[in-house]
Amino acid sequence: MTAPNPPARTGADLLCETLLAHGVDHCFANPGTSEMHFVAALDRQPRMRCLLGLSEGVVTGAADGYARMAGRPACTLLHTGPGLANGLANLHNAKRAASPMVNVVGDHATYHLEHDAPLTSDIESLARPMSHWVARSPSADGLGEVAAAAVREARTPPGRIATLILAADHSWGATTAGVPAAAPLPRALPPDAAALLQAAAALKRGAGTVLLLAGDTLRAEGLALAARIASATGARLLAPQANARVERGLGRVMIDRVPYVVDKALAMLKETTSIVLVGAKAPVGFFAYPGKPGSMLPPGCEVITATRPGQDGLVALRELAERVGAVGAAAEAAARPMFAARRDLPLPAGALTAAAVAQAVVALLPEQAIVCDESVSSGREFFPMSWHAAPHDYLQITGGAIGIGIPLATGAAVAAPGRKVVTLQADGSAMYTLQGLWTQARERLDVVTVIFSNRRYAILHGEYVQTGAGVPGANARRLFDIEDPALDWVALARGMGVAAERAETAERFNAVLAAALKQGGPFLIEAVI
């Protein structure tokens, strides 16, 4: 029996054509049977770059990294409800990062759902917590309109997760429907005049006021405007603990973050009388801890929302600069001390510690690199040091769901060819999505992955104490430590097709890192700390 000939043009073709017409030309995928006709449509569209992830967490995490650097959505292709569920953790991170993304989730043919086949599930209920918009394909003819709507939703500022559930029979069904014309992209909403008036008044009070920036305002123009405002008023400039993308390094504003550790955050903010939020939320603890507050702000602190996510933060900062007199050449000159100046760090020597790794990366980082940080507790030394690194983009885990680092770097490298990507990666969380190394090898991506190999979930040792649970005993240590056997990251990387070396001293790490940064393609360094 021969396979039937597919129709001349399918609903899947219309879907793919619409995505391309609306600016979505990368598809990170891990497909299954229900998606075969969409794969066939991709096969007929050489303009669509297709990238395979060997787990769905790699797929969604890579789409996140791509969006953060490209500023536009990629498409993911996932197999029914369980496939989507496998990718939900990094969809959570992407949602917290406000990364635009279009997910295509295949489902059974509409007439097959009544049979309750093994992969039948409530895909809508799985998708909604990690999506801003969820829709089912209405028909083969209707796939163009629903795909166009998905892209519009994804590109709604500051960036949204759109999930389209694609029925198999709609995918293979014949259609002659045309591709919907691309409409003007949604724009960020203007800030509220009353909110800006209140924010300007708080900023003019100077000492005791914090200006907290998030989103696009953490790039060059926003940071420069904020530095002028802070310099003119005496307000303090900060960023949230977790941010999707920050422009860092020499010549850029030295903005600090609210610390993760509650006691440090409380100490940093204890004198704050007013906080002005630009696209940010008021700082809170990552978790609840016995006897400690959930808000990091002191009692009675005035919280002023200058802009909400989705409103134009740059417009708000320009207006605030005008209102507080932070304009002109004199204001720019006064703000110059807030910009990082060159301070050459020596290469570390002796024992290889987390701080030594951070110091070496700062010293050797090439111009316009992209740093993807999921080093968790081991990498806390890097961020303050990185003021004095070469200019770079800093991407980090945003939603706390570990397993983002390697996929994030994969997508960032796809979006920004020609720029070196450096991943600062904790060993425990790397095991969630180490399959991303294989995608880096297949695509010849220019990524250097640094594994902080302390062979433990170090952060959990600290959290055990911070929550008042006591000192970890034998059973607790068995749940926190990942030795006996120790992970062999050199072997794991080489098994994925990625060259790798191990370093156990600072001198060895310096040499391996310098060599890795000079060569092309993926490379992994296991830093035994």
Picked from the stretch 114-145 (must be aliphatic (A, V, I, L, M), surrounded by fewer than 23 Cβ atoms within 10 Å (Cβ to Cβ) and touching a Ser or Thr at 6+ places or on another chain (Cβ under 6 Å)), the residue farthest from Arg72 (Cα to Cα) is Leu119
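Being over 29 Å from Arg444 (Cβ atoms) and at pLDDT 95 or above is the requirement here; does His26 meet it?
Working: over 29 Å from Arg444 (Cβ atoms): no; at pLDDT 95 or above: yes.
Criteria not met by His26.
Pull up the stretch 479-502, narrow it to residues that are closer than 13 Å to Arg455 by Cα and of a type in the set (A, V, I, L, M, F, W, C), then point me to the one that is nearest to the chain's Cα centre (by Cα).
The qualifying residue nearest to the chain's Cα centre (by Cα) is Trp489.
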What residue, of Ala117, Ala109, Ala97, is over 19 Å from Met36 (Cα atoms) and aliphatic (A, V, I, L, M)?
Ala97
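A quick yes/no check of all residues on (1) surrounded by fewer than 22 Cβ atoms within 10 Å (Cβ to Cβ); (2) touching a helix residue (DSSP H, G or I) at 6+ places or on another chain (Cβ under 9 Å); (3) not in a helix (DSSP H, G or I):
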residue: Gly403; (1), (2), (3): no, yes, yes
residue: Ala413; (1), (2), (3): no, yes, no
residue: Thr439; (1), (2), (3): no, yes, no
residue: His461; (1), (2), (3): yes, yes, no
residue: Val465; (1), (2), (3): yes, no, no
residue: Val471; (1), (2), (3): yes, yes, yes
residue: Ala476; (1), (2), (3): yes, yes, no
residue: Leu479; (1), (2), (3): yes, yes, no
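Residue-wise test of (1) in contact with a helix residue (DSSP H, G or I) (Cβ under 7 Å, 6 or more places away or on another chain); (2) touching a residue at least 24 places away in the same chain (Cβ under 8 Å); (3) farther than 30 Å from Thr467 by Cα; (4) not in a loop (DSSP other than H, G, I, E, B).
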{"position": "Gly251", "(1), (2), (3), (4)": "no, yes, yes, no"}
{"position": "Ala265", "(1), (2), (3), (4)": "no, yes, no, yes"}
{"position": "Ile275", "(1), (2), (3), (4)": "no, yes, no, yes"}
{"position": "Ala288", "(1), (2), (3), (4)": "no, no, no, no"}
{"position": "Pro299", "(1), (2), (3), (4)": "no, no, no, no"}
{"position": "Thr305", "(1), (2), (3), (4)": "yes, yes, yes, yes"}
{"position": "Leu314", "(1), (2), (3), (4)": "yes, yes, yes, yes"}
Yes/no for Pro417 being farther than 20 Å from Arg494 by Cβ and not in a helix (DSSP H, G or I):
yes
Read through the list (1) over 20 Å from Ala416 (Cα atoms); (2) touching a Phe, Trp or Tyr at 6+ places or on another chain (Cβ under 6 Å); (3) not in a helix (DSSP H, G or I), then give the number of the only condition that Ala12 fails.
(3)
Single condition Leu203 does not satisfy, out of (1) without any contact (Cβ under 8 Å) to a residue 40 or more places away in the chain; (2) touching a strand residue (DSSP E or B) at 6+ places or on another chain (Cβ under 8 Å); (3) not basic (Lys, Arg)
(1)
Listed residues Ser429, Ser377; which is among the polar types (S, T, N, Q), under 20 Å from Ser99 (Cβ atoms) and crowded, with 18+ Cβ neighbours inside 10 Å?
Ser429
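Of everything in the stretch 448-459 that's out of contact with any Ser or Thr (no Cβ under 8 Å at 6 or more places or on another chain) and surrounded by fewer than 20 Cβ atoms within 10 Å (Cβ to Cβ), which residue is farthest from Ala515 (Cα to Cα)?
My answer is Arg456.
Taking the stated definitions as given, is Ala340 more than 30 Å from Thr233 (Cα to Cα) and not β-branched (Val, Ile, Thr)?
Working: more than 30 Å from Thr233 (Cα to Cα): no; not β-branched (Val, Ile, Thr): yes.
The answer is no for Ala340.
Give Leu445, Leu517 a once-over and let me know the one that is crowded, with 23+ Cβ neighbours inside 10 Å and either farther than 30 Å from Tyr66 by Cα or in contact (Cβ under 8 Å) with a residue 60 or more places away in the chain (or both). Can you show your working first?
Values: Leu517 fails: crowded, with 23+ Cβ neighbours inside 10 Å.
Of the residues listed, the single one that is crowded, with 23+ Cβ neighbours inside 10 Å and either farther than 30 Å from Tyr66 by Cα or in contact (Cβ under 8 Å) with a residue 60 or more places away in the chain (or both) is Leu445.
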Name the single residue that is surrounded by the fewest Cβ atoms within 10 Å (Cβ to Cβ) among those in the stretch 215-247 being free of Cβ contacts under 8 Å to residues at least 40 places away in the same chain and either in a helix (DSSP H, G or I) or assigned by TED's automatic domain parsing to the domain that holds Ser386 (or both).
Ala220
Only residues in the stretch 115-127 that are on the phi < 0 side of the Ramachandran plot and at pLDDT 95 or above count as the first member; pair them with residues that are in a loop (DSSP other than H, G, I, E, B) and surrounded by 10 or more Cβ atoms within 10 Å (Cβ to Cβ), Cβ under 7 angstrom, at least 6 apart or cross-chain, and list the lot.
Ala117/His108; Thr120/His108
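Which one is surrounded by the most Cβ atoms within 10 Å (Cβ to Cβ) among residues in the stretch 316-336 that are in contact (Cβ under 8 Å) with a residue 40 or more places away in the chain and within 30 Å of the chain's Cα centre (by Cα)?
Leu317
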Which of the residues spanning the stretch 499-525 are out of contact with any Phe, Trp or Tyr (no Cβ under 7 Å at 6 or more places or on another chain) and more than 21 Å from Ala355 (Cβ to Cβ)?
Ala515, Lys518, Gln519, Gly520, Gly521, Pro522, Phe523
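Looking at Arg342, Arg336, can you tell me which residue is basic (Lys, Arg) and not in a loop (DSSP other than H, G, I, E, B)? Can you show your working first?
Values: Arg342 fails: not in a loop (DSSP other than H, G, I, E, B).
Unique residue meeting the criteria: Arg336.
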Members of the stretch 503-529 that are under 27 Å from the mean Cα position of the chain (by Cα) and either charged (D, E, K, R) or not in a helix (DSSP H, G or I) (or both)
Lys518, Gln519, Gly520, Gly521, Pro522, Phe523, Leu524, Ile525, Glu526, Ala527, Val528, Ile529
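Yes/no per residue for (1) modelled with pLDDT of 95 or more; (2) outside any helix (DSSP H, G or I):
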{"site": "Thr410", "(1), (2)": "yes, no"}
{"site": "Val422", "(1), (2)": "yes, yes"}
{"site": "Gly428", "(1), (2)": "no, no"}
{"site": "Tyr432", "(1), (2)": "yes, yes"}
{"site": "Val448", "(1), (2)": "yes, yes"}
{"site": "Glu483", "(1), (2)": "no, yes"}
{"site": "Gly497", "(1), (2)": "yes, yes"}
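The values are calculated or read from the model by the stated rules, or taken from the named source; none is laboratory data. Bear in mind that the values here come from a model prediction, so they are computed numbers and not experimental data. Counting neighbours? That spans all protein chains shown, and the Cβs are built from the backbone with ideal geometry, glycine included.
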